[in-house]
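Engineer: Pasting a structure here, questions to come.
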Amino acid sequence: MTANHLQTLSARYGERYRWLLLLSVMVGVMASIMSSTIVNVAIPGMSRHFALGQERAQWVSSGFMVAMTVSMLTTPWLLGRYGYRRTYVGTMVLLLAGGMVGGLASDFSLVLIARVAEGLAAGVVQPIPAIIILRAFQPHEQGRASGIFGMGAVLAPAIGPSIGGVLVDLFGWRSIFFMVVPFCLASIWLAYRFVPTTAPGGVVASRAGGLDWRGLALGTLGTLCLLNGLVALRGDSKLQAGLLLAGAALAFTAFLGWQRRCAAAGGQPLMNLALFRHRQFAMGSIVAFIYGTALFGSTYLLPVYMQTGLKLSAAHVGTILLPAGIVLALAIAVVGRLADRHPTYLLVSIGLALLAASFALMTLLHLDSTLWWLVAFAVIGRIGLGFILPSLNLGSLRPLEKDLIAQGASAINFLRMLGGAAGVSLCAIVLEWRLAAHGDSLANPNSSAERLAAFDEVFGLLAGLCAVAICAAWQLRLKRLPAVVA
């Protein structure tokens, strides 16, 4: 492992090297994103095979989510200690092992362990592309690189469930786990060709400094309590939910206190709180949390709205959302180029405004509305996401000092995932509350104007959250772009 390994690869492959490097990590991230979304298709079959109740089956998804969210905070330490290649290959091997074990498991406990392993791998790998884009690309190329990467990242969840449904019908639920295997093998091969052994900045990976295990334990405890508390809040266990949410608040407070103390003592905290002294990063973190809430919340809400509110079939739901997914991929590619020439705060604000408009327009639909209006409103929202995805990381991370970029990328991904986890439960809780207020419930097989009114109020909530996020996005203004050196 040498400090000039990055320069050696750059000299060997010339100007195209940074794009080959981005492609290499994009394949692995696509595999990790696919593993996070596609397993939902397999849960019914898995539940029947292992005779699982709803609560135990839920752990297949929530175990992955907790592991992915918390492990994002370890990425800077792993890159600094082991370098890009070892860290990246290690995550791909772990993801590969999780897929193989999950597919071959004869006991549900092994499936759960495999999902946690996949979640750990997915969490570590997902901040890496943002670090590489800000390290290996000059400012005038970073938007285009973010657009190309973002297009690949959204294609994975767009096509994954469709392919997964076919695989489950043909080969059963086990085939879902094996789907990541070819992606992992390809990413490992690409890593040994194009990913440098060095740490961020092209320096030699250092063996000095240990992982902040106490911070990791507190972050894990807080995330576990938060996710389970939100799930419990959706049921009848209000006391349990209150205790879990109080535990989450205490754990996160202790986490922040320990991070401050660790940094003051000259240690290496899991999350460097100095990041939040930068106005753009602090505001970008708020946007990321709210954006995660709106994105994941709407991903849950839209299919439920279409099937139980508008009484559309599952096939209709897939058909309606497909054009929106295609538009999202195209929008990301276009906006990525715009981000090289236009202020990122403006692009993020436009995206949030379009997303808010999409949610607000959903309230105009009624039971006899034509489906084309639904498609159009969903497309507007996906165009909004296309404006946000390539621009938010650039606007938040560009002002940071070079040695804080890795920490910033992992922290902002962590906050986005926390927001996403909260968003699903928030939409479910508010929907159940408003349905009850209108004298309805999802157990009723028939829809009504009152049911649509309850959905409209949840869409209004999401629109309001996006409007609040615009205020924070406007603070991403940066007077000049700093030069970035690989």
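Values quoted throughout were computed directly from the atomic coordinates according to the rules given, and no laboratory measurement underlies them. Small disclaimer: the values here were computed from a predicted structure and weren't measured. Methodologically, a virtual Cβ is constructed for each residue, glycine included, from the backbone with ideal geometry; neighbour enumeration extends over all protein chains shown.
Engineer: Could you give the dipole magnitude of the range 1-206 about its Cα centre, charging the beta-carbon of Lys and Arg +1 and that of Asp and Glu -1, in debye to the nearest 20?
Structural biologist: With only Lys, Arg, Asp and Glu charged at Cβ, the dipole is about 460 debye.
Engineer: How many angstrom lie between the Cα centre of the range 261-318 and the Cα centre of the range 400-458?
Structural biologist: What the calculation gives is 10 Å, centre to centre.
Engineer: What trypsin sites (Lys or Arg not before Pro) does the range 224-302 have in DSSP loop regions with at most 16 other beta carbons within 10 Å?
Structural biologist: Working: sites: Arg234, Lys238, Arg260, Arg261, Arg277, Arg279; in loops: Arg234.
In loop regions of the range 224-302 (DSSP not H, G, I, E or B), the sparsely surrounded trypsin sites (Lys or Arg not before Pro) are Arg234.
Engineer: Grab every C-alpha pair in the chain, bin the distances at 10 angstrom width from 0 up to the longest one, and report whole percents.
Structural biologist: Percent of Cα pairs in each bin: 4, 19, 31, 29, 13, 3, 0.
Engineer: Got a sec to turn the phi values of the range 257-268 into Karplus ³J(HN,Hα) couplings, 6.51 cos²θ - 1.76 cosθ + 1.60 with θ = phi - 60°, whole Hz, x for Gly and Pro?
Structural biologist: Result, rounded to whole Hz: x, 5, 4, 5, 5, 4, 5, 5, 7, x, x, 10.
Engineer: Something else about it: Using only DSSP helix segments of four residues or longer, with each worth -39500 (n - 2.57), what per-residue ellipticity at 222 nm results for the chain after dividing by its residue count and rounding to 500?
Structural biologist: -27000 deg cm²/dmol, from helical runs alone.
Engineer: Could you work out the equivalent-ellipsoid semi-axes for the range 74-176, taking the square root of 5 times each eigenvalue of the Cα gyration tensor, largest first, in whole Å?
Structural biologist: So the equivalent ellipsoid measures 30, 20, 8 Å along its semi-axes.
Engineer: Pull out the extension gain between Arg260 and Asn446, defined as 0.36 nm times the separation in residues minus the alpha carbon to alpha carbon distance; nm, one decimal.
Structural biologist: Extending this stretch completely gives an extra 61.6 nm.
Engineer: Moving to a separate point now. Sorted from fewest to most neighbouring beta carbons within 10 Å, what does the list Met362, Met151 look like?
Structural biologist: Values: Met362 27, Met151 21.
Taking fewest neighbouring Cβ atoms as first place, the list is Met151, Met362.
Engineer: Also, quick follow-up: Over all Cα pairs of the range 146-298, how is the pair count split among 5 Å bins, expressed in % and running from 0 up to the last occupied bin?
Structural biologist: Reading upward from the zero bin: 2, 7, 8, 11, 14, 15, 18, 14, 8, 3, 1, 0.
Engineer: Continuing with this model, one more query. At q = 0.15, 0.18 Å⁻¹, what is the log10 ratio I(q)/I(0) for the range 254-302, with the Debye formula run over Cα points and no solvent?
Structural biologist: Listed by q, the Debye log ratios stand at -0.56, -0.68.
Engineer: Let me spell out the model: positive unit charges on the Cβ of Lys and Arg, negative unit charges on the Cβ of Asp and Glu, origin at the Cα centre of the chain. What dipole size does that give, in debye rounded to 20?
Structural biologist: 1560 debye
Engineer: Let me ask something additional. Using only Cα atoms, tell me the angle between helix 139-171 and the longest principal axis of the chain; keep it within 0 to 90° and round to the nearest 10.
Structural biologist: Approximately 50 degrees, to the nearest 10.
Engineer: Now a separate question. Could I have the simple spin-label model distance between Lys238 and His366, label points 7 Å from Cα toward Cβ, reported in nm to one decimal?
Structural biologist: Going from the Lys238 label point to the His366 one covers 3.5 nm.
Engineer: Given N residues in the range 281-416, what is Rg(Cα) / (2.2 N^0.38 Å)?
Structural biologist: Working: Rg = 16.4 Å, N = 136, 2.2 N^0.38 = 14.2 Å.
In units of the globular-protein estimate, the range 281-416 measures up at 1.15.
Engineer: Can you sort Phe459, Phe414 so the residue with the fewest Cβ neighbours within 10 Å comes first?
Structural biologist: Going from sparsest to densest Cβ surroundings: Phe459, Phe414.
Engineer: To the nearest Å, what is the center-to-center distance of the range 92-111 and the range 211-229, using C-alpha atoms only?
Structural biologist: That distance is 24 Å.
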